[in-house]
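I have placed the structure first, in the form of structure tokens, so that the comments after it can refer back to it.
The values are calculated or read from the model by the stated rules, or taken from the named source; none is laboratory data. All values reported here derive from a predicted model rather than from experimental measurement. Here Cβ is always computed from backbone atoms with ideal geometry, including for glycine, and neighbour counts include all displayed protein chains. Quick note on the areas: whole protein, heavy atoms, side chains included, nothing else; ligands and nucleic acids left out. Shrake-Rupley method; radii C 1.70, N 1.55, O 1.52, S 1.80 Å.
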Amino acid sequence: MRILLVEDDMQLARGLHQSLRTEGFTANHVSSANAAWLTVQTNECDMLILDLGLPDMDGMSLLKKIRQHNLRLPVLILTARDSIDDKIKGLDQGADDYLSKPFDVQELIARIRVIERRLGTATSSVVNIAGVELDASAHLVSYAGQALDLPRKEFMVLKILMEQAGRIQSREQLESKLYEWGEEVASNAIEVHIHHLRKKLPEGFIKTIRGVGYSVAKSL
Ligand code: CA
């Protein structure tokens, strides 16, 4: 899942960015509401983590603008304001969730996963398909009870395919979910990840839909 982090506190942003990466998310960062607005219009991102106190525009106004344009992008608000009124206002404006600063990064990650599951087809952080078990919060994959050692990007590809089981992911979709802005992407990067994954997974687990993309069946 590709997350856009909108936060003007650079120190907090750097820390969050690192944590999100460690947890297997792709995150891009902007520090103003205008930059965020441009990005949500022109770039594919799956979710917004939005600070309310931004230098150029109140985060709440940005949220309002996003909803007025009918963008159904999930938004998780971060704020130093701790009043119930603000919380209600945020949720009324169409925020999906709300965290008051200071917060625990693990709580933020857990809430992101809830939103992520809502977007996908998985109903818990552990997905089991045909003996392949993927635990998104523990970062573990096993097949027939044997732990598989997957590099970060392979884990991310498998996670996307398993959490969206039954749906086809095009190469472009996978690329956009795996790579951050400015990150160098070889033209065959996705094929290479799929190739390596297939060697570790049961035969036929990842299907190629020629000219369209890849998919994992809901149950094999
Ligand atoms: Ca701020």
What about Ile112, is it within 12 Å of the chain's Cα centre (by Cα), modelled with pLDDT of 90 or more and either among the hydroxyl-bearing types (Ser, Thr, Tyr) or open to solvent by less than 50 Å² (accessible area, probe 1.4 Å) (or both)? yes
Assess whether Gln173 counts as being surrounded by fewer than 19 Cβ atoms within 10 Å (Cβ to Cβ), touching a residue at least 40 places away in the same chain (Cβ under 8 Å) and assigned to a helix (DSSP H, G or I). yes
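So that you can scan it fast, the table gives a plain yes or no per residue for (1) away from the ligand (no atom under 16 Å from the Cβ); (2) assigned to a helix (DSSP H, G or I); (3) open to solvent by 10 Å² or more (accessible area, probe 1.4 Å):
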position	(1), (2), (3)
Ile3	yes, no, no
Leu20	yes, yes, no
Ala27	yes, no, no
Ala35	no, yes, yes
Pro55	no, no, yes
Ser61	no, yes, yes
Lys64	yes, yes, yes
Leu73	yes, no, yes
Leu78	no, no, no
Hey, Glu44 hits all of (1) modelled with pLDDT under 95; (2) buried (at least 18 other Cβ atoms within 10 Å of the Cβ); (3) not small (Gly, Ala, Ser) but one; which does it fall short on? (2)
Tally up the residues in the stretch 181-216 that are of a type in the set (Gly, Ala, Ser) and either within 19 Å of the chain's Cα centre (by Cα) or surrounded by 14 or more Cβ atoms within 10 Å (Cβ to Cβ) (or both), please. 4
Phe103 vs (1) open to solvent by 10 Å² or more (accessible area, probe 1.4 Å); (2) away from the ligand (no atom under 16 Å from the Cβ): all pass except (2)
Pairs please, first residue from the stretch 45-63 and among the polar types (S, T, N, Q), second anywhere and within 11 Å of the ligand (Cβ to nearest atom) and at pLDDT 95 or above, Cβ atoms under 9 Å, 6+ apart in sequence or on different chains. Ser61/Ala33
Just checking, does the stretch 90-99 include any residue being more than 15 Å from Leu4 (Cβ to Cβ), part of a helix (DSSP H, G or I) and under 19 Å from the mean Cα position of the chain (by Cα)? no
Specify the residue that is farthest from the ligand (Cβ to nearest atom); the eligible residues are those in the stretch 5-18 that are within 19 Å of Pro55 (Cβ to Cβ) and loosely packed, with under 15 Cβ neighbours inside 10 Å. Arg14
Can you find a residue that is part of a helix (DSSP H, G or I) and at pLDDT 90 or above anywhere in the stretch 199-216? yes
